[in-house]
Amino acid sequence: ALRARGTRVRRLDATWPADAGPDGLLHALECLAADAVAAAETGVEVLLASDAALSLGRPPVPSILAAGAVHTALTDAGLRGRTDLVVDAADILAVHAMAMVLAVGATAAHPRLAVELATELAGSRGAETVTADAAIANLVRAFEAGLRKTLARMGISAVASYIGGALVDTIDLA
């Protein structure tokens, strides 16, 4: 839909080769950041960091790390104001994960696995009358209500004020 309106979109692969070991994750984060800056410098308006290519041999970069790396790189390069970051990730399954991805810089997030699970559970035992569309709508409403409550407790009334605010503390990481 964005491309139909003439918006320039670039997909960034947020997976890394498992056989690269622990250093592979660091390299993947560096590549995400460099690719994001290179794309933004060519006029790309929306970056889509996606772990859709995940497999046993290509684990996903945690969405919080991916969003943070891209946001920081774009900010440092002075390009963040004209480039949006959308995160399409399987690890966004709860309001907390969604809030964290937004806090470290994502403009929007697509909780891909949560949507797939909602669709799969629609019409199953205990949810016989729920359609797939209704299940997805319920999921979106739950995320919206949860985010509103989370932000309200912090005194924030607009998501735009929260995005990239990094209003989180990292403790005891070694």
Short version: ³J(HN,Hα) in whole Hz for each residue of region 15-31, in order, from phi by Karplus 6.51 cos²θ - 1.76 cosθ + 1.60 (θ = phi - 60°), x for Gly and Pro, what are they? 10, 8, x, 4, 6, 7, x, x, 5, x, 5, 4, 4, 4, 5, 5, 5
Which residue, chosen from 115, 43, 145, occupies the Cα position most advanced towards the positive end of the dipole of the chain, where the dipole is computed from +1 (Lys, Arg) and -1 (Asp, Glu) charges on Cβ about the Cα centre? 145
With every protein chain left in place, what is the accessible area of residue 19 in Å² (1.4 Å probe, nearest 10)? 140 Å²
At a probe radius of 1.4 Å, what is the per-residue accessible area of residue 76, in Å² to the nearest 10? 130 Å²
Once fully extended, how much extra length lies between residue 19 and residue 152, figured as 0.36 nm per residue of separation less the alpha-carbon to alpha-carbon distance? 43.6 nm
Whole-percent carbon and sulfur share, accessible surface of region 33-104, 1.4 Å: 64 percent
How much accessible area per residue does region 61-144 have, counting only protein heavy atoms and a probe of 1.4 Å, in square angstrom? 48 Å²
Let's test this: bin the Cα-Cα distances of the chain at 5 Å from zero up to the farthest pair and state each bin's percent. 1, 8, 15, 18, 19, 17, 12, 6, 3, 1, 0
Could you give the dipole magnitude of region 8-60 about its Cα centre, charging the beta-carbon of Lys and Arg +1 and that of Asp and Glu -1, in debye to the nearest 20? 200 debye
Quick one: if the Förster radius is 41 Å, what FRET efficiency do residue 144 and residue 9 give, using the C-beta to C-beta distance and rounding to 0.05? 0.95
Highest GNM mean-square fluctuation, the chain, Cα pairs closer than 10 Å: which of 117, 79, 12? 117
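The values are calculated or read from the model by the stated rules, or taken from the named source; none is laboratory data. Keep in mind that what you see is a predicted model, and the values were worked out from it rather than measured. Every residue, glycine as well, gets a Cβ built from its backbone with ideal geometry; the counts of neighbours run over all protein chains shown. In case anyone asks, the SASA skips ligands and DNA or RNA and just uses the protein heavy atoms, side chains included. Shrake-Rupley method; radii C 1.70, N 1.55, O 1.52, S 1.80 Å.
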